[in-house]
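Trainee: Pasting a structure here, questions to come.
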Amino acid sequence: MPAYSPLSLSVTVPFAVLQATYNDGCTTPGNCEYFLTRVLSNLDDLYKSMKASPKGSGHFAGPLTWIRAMQDTLRGDFSFPNLKRHQKLLLGTRDKVNTWMQSHPADYR
């Protein structure tokens, strides 16, 4: 559980936490389940923060759509086999959100 509430902060902290996943991965034996669960959790926290942002969810339309599509594809099955099966989607969503956020620095600085 994060040490912050994604509903009470701007997107700054949840985005920074998501960016930290770039220093991790499925390459270390035994780490893949933790890593994929972490990416999913971080994207969910960022989604909640964007929805609660005073800028309004319309400002974050792209990232919210991508995260929601990922969530819909997972269909509530957060088991490791399902996350592993959708690893490309999880990481692709993270990468798209990261690219979008990098082009909107006022949203996280």
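Trainee: Provide a single number: the residues in the stretch 72-85 that are in a helix (DSSP H, G or I), of a type outside the set (K, R) and free of Cβ contacts under 8 Å to residues at least 12 places away in the same chain.
Mentor: Looking only at that region, the number is 3.
Trainee: While we're looking at this one, here's another question. Report whether or not T37 is among the β-branched types (V, I, T) and not in a helix (DSSP H, G or I).
Mentor: So T37 fails the test.
Trainee: Restricting attention to the stretch 10-34, which residues are of a type in the set (D, E, K, R) and not in a helix (DSSP H, G or I)?
Mentor: Matches in the stretch 10-34: D24 only.
Trainee: Could you look through the stretch 20-78, keep only residues that are under 11 Å from the mean Cα position of the chain (by Cα) and of a type in the set (D, E), and pick out the one that is surrounded by the most Cβ atoms within 10 Å (Cβ to Cβ)?
Mentor: My answer is D45.
Trainee: Quick one: is K84 surrounded by fewer than 13 Cβ atoms within 10 Å (Cβ to Cβ) and among the basic types (K, R)?
Mentor: The answer is no for K84.
Trainee: Out of the stretch 86-109, which residues are over 15 Å from G25 (Cα atoms) and not in a helix (DSSP H, G or I)?
Mentor: Passing the criteria: S103, H104, Y108, R109.
Trainee: Moving to a separate point now. Considering only residues that are assigned to a loop (DSSP other than H, G, I, E, B) and farther than 14 Å from T99 by Cβ, which ones fall in the stretch 53-71?
Mentor: S53, P54, K55, G56, S57, G58, H59
Trainee: Which ones in the stretch 48-69 are in contact (Cβ under 8 Å) with a residue 40 or more places away in the chain and of a type in the set (S, T, Y)?
Mentor: Within the stretch 48-69, S49, S53 qualify.
Throughout, read-outs are computed from the coordinates displayed, never taken from laboratory work. Worth saying up front: this structure is predicted, and the values here are computed from it rather than measured. Reconstructed Cβ throughout: ideal geometry from the backbone, glycine too, with neighbour counts over all protein chains shown.
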